[in-house]
Amino acid sequence: MSSFQSLFQKIGSLKSFVIGFFLLVLIIAIGFYYTSQRQSVSQNSNTISSELKEVKLEKLEKDSLVISSEAYTADNILNITNFEQSEDSKWQGGGVLDEKVSFEGNKSLSLVSINHNEVTSYMKKDLDLSNVEYFEMMVNISDSTALESVVMSLGDLEMKNYYQYTFASLTDGWNLVQIPKNLFVPIIDQAGGFGWQKIQKIQFRTVSRMNAMVIVRFDMLNAFSNSSNFTKDWRVYNDNQKYFLSLVIRGDSRKLVARNNKAVAGILENKRNIRDFIMSAVVSPQSNGRSGLFVRGNYNNSFGYYFMIGGDRSNTWEINKLNKDGWLPAEKIIKGNIGNEVFQKDVNYWLRVEGRGDTMEFFISFDGNVYHKLGEIKDNEFRAGGLGVFVLDGVSTWSTFDSVMVKEL
């Protein structure tokens, strides 16, 4: 009997071992599955390919349109000056129109000060700025340590009456400067009836430090009114909507601009916790940095999924993710190119993302009708979030966005 008992005990132990082994394998397999679902993007995600496959997609109806340039009015933006070719004879004084360095277009206004010498340049222009909320412009500094002061004045022809603003905290390179109208210091003869409605001259003045030289360049001087018309629909980190978003005039239209300034991404105010969706937008790069669509995103920490195209003169696109560990490792980024073509400034590109469950698909169109699928990901780290836009690669990066459409599924 003892030998039979011993045999049964051995068989029982073997059965327990086999059952335990299979349970362990099952647990490991389940864990691997969920880990791969959470973190993997694509087995061939790092492959660069110029082959674009045409696909047929559902056409979004007009009720999906949430942002359009048609909503922006002439009252929202006034272009005061772009410092371009047509103004060659209008700027007088010690400044020159610089063809070597500009932010927008082909020229900027350049003032060079050496050894504490004051340099002034001005242009005569009749302006009614009574309804302006704030001014915005780009200022380039060659050497901030050599700079003593930069001043902008808006006044009458004799500059006996004027409003003056002294720039502060400028750094080397391009600076986006936004000046609320109430920060200008008035120097006015009250009896003369001068006011914001009677501006006749724009003037810039630069002074370097002793035994130093500085070059100060000015570009894209615009004035804005009723900015809530183009910021109210968005949520941006630290409520920096006006720094991240702006307008630019293109022909007869006013386009929404997003820039890498105090924020990298913004989401639509009414699309903040979306799981399944179709989103599309017209994107036009204005610089050489990356920009595109931000989906299932968190505007406070910029975590989410990024569908990006390269900037002006680039031909690359990329699908990436940002989380608490940072960007995806290089081998997991889905990326490619558009062949021999390149993205160009002021040319429209239609980007589209479709998210269903753990799967998101990414498409591009060059005419708004024919779409090409670029890639897809299966990932459930961010199951829901906001839908919006982003710009990367530094403060000089900017792109226009139009015809933003969203359909919740």
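Read the figures in this text as sums done on the coordinates, not as results from a lab. Predicted model, so just to flag it, every value in this text is computed and none were measured. Virtual Cβ from ideal backbone geometry, glycine too; neighbours counted across all protein chains shown.
General remarks:
- Nearest-20 debye value, the chain charge dipole, Cβ charges on Lys, Arg, Asp, Glu: 1360
- For the chain, diffusion coefficient by Stokes-Einstein and Kirkwood Rh (Cα), 4 °C, 1.567 mPa s, µm²/s: 53
- Counting every other Cβ atom within 10 Å of each residue's Cβ, 196, 327, 317 order from fewest to most as 327, 196, 317.
- Loop-located GluC sites (Glu not before Pro) in the stretch 60-145 (DSSP state not H, G, I, E or B) with no more than 10 neighbouring Cβ atoms inside 10 Å: 61.
- For residue 136, neighbours were defined as the other residues whose beta-carbon sits under 14 Å from its Cβ, and their charges (Lys and Arg +1, Asp and Glu -1) total +2.
- Tail fraction, Cα-Cα pairs, the stretch 77-224, threshold 19 Å, whole percent: 50
- C-alpha long axis of helix 2-39 to longest principal axis of the chain, angle in °: 20
- For residue 261, distant residues with modelled amide H under 5 Å away: none
- When you filter the trypsin sites (Lys or Arg not before Pro) in the stretch 178-243 for DSSP loop state and at most 16 other Cβ atoms inside 10 Å of their Cβ, you are left with 209, 232.
- Percentage relative contact order, the chain, counting C-alpha pairs under 8 Å, at least six apart: 21
- Taking 19 Å as the cut-off, the amide N atoms of the stretch 337-355 that come nearer than this to a point 7 Å along the Cα-to-beta-carbon line of residue 54 belong to 338-341, 349-352.
- More than 22 angstrom apart: percent of Cα pairs within the stretch 144-219: 32
- Separation of alpha-carbon centers, the stretch 94-121 and the stretch 302-373, rounded to whole Å: 38
- Entries in 271/335; 100/242; 53/324; 100/201 that, when Cα-Cα distance is taken, lie over 31 Å: 53/324
- Percentage relative contact order, the stretch 134-175, counting C-alpha pairs under 8 Å, at least six apart: 51
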